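The structure appears right after this line, and notes come after that.
What follows draws every value from the coordinates through simple rules; no lab data is involved. Owing to the predicted nature of the structure, the values given are computational and were not obtained by experimental measurement. Glycine gets a Cβ as well: all are built from the backbone with ideal geometry, and neighbour counts include every protein chain shown.
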């Protein structure tokens, strides 16, 4: 399932009004190993760590609202 669709569905399933003001953070992604394309979404969670060949690992700077 598309990462944006997963995030939207979870937000609909866990609305803040009905769950006592609890929320959660997440990162969800899909990696196509053939094309080396990584599609992802974040919900108030640190971004993924990228490890390019021959370079130092680095975290992708991303932002997003929590689920709930």
task = Determine which single condition residue 29 fails, assuming it passes every other condition in (1) more than 9 Å from the chain's Cα centre (by Cα); (2) exposed (fewer than 14 other Cβ atoms within 10 Å of the Cβ); (3) over 14 Å from residue 65 (Cα atoms).
result = (1)
Residues located in the range 1-45, provided they are touching a residue at least 40 places away in the same chain (Cβ under 8 Å), assigned to a strand (DSSP E or B) and closer than 14 Å to residue 62 by Cα = 26
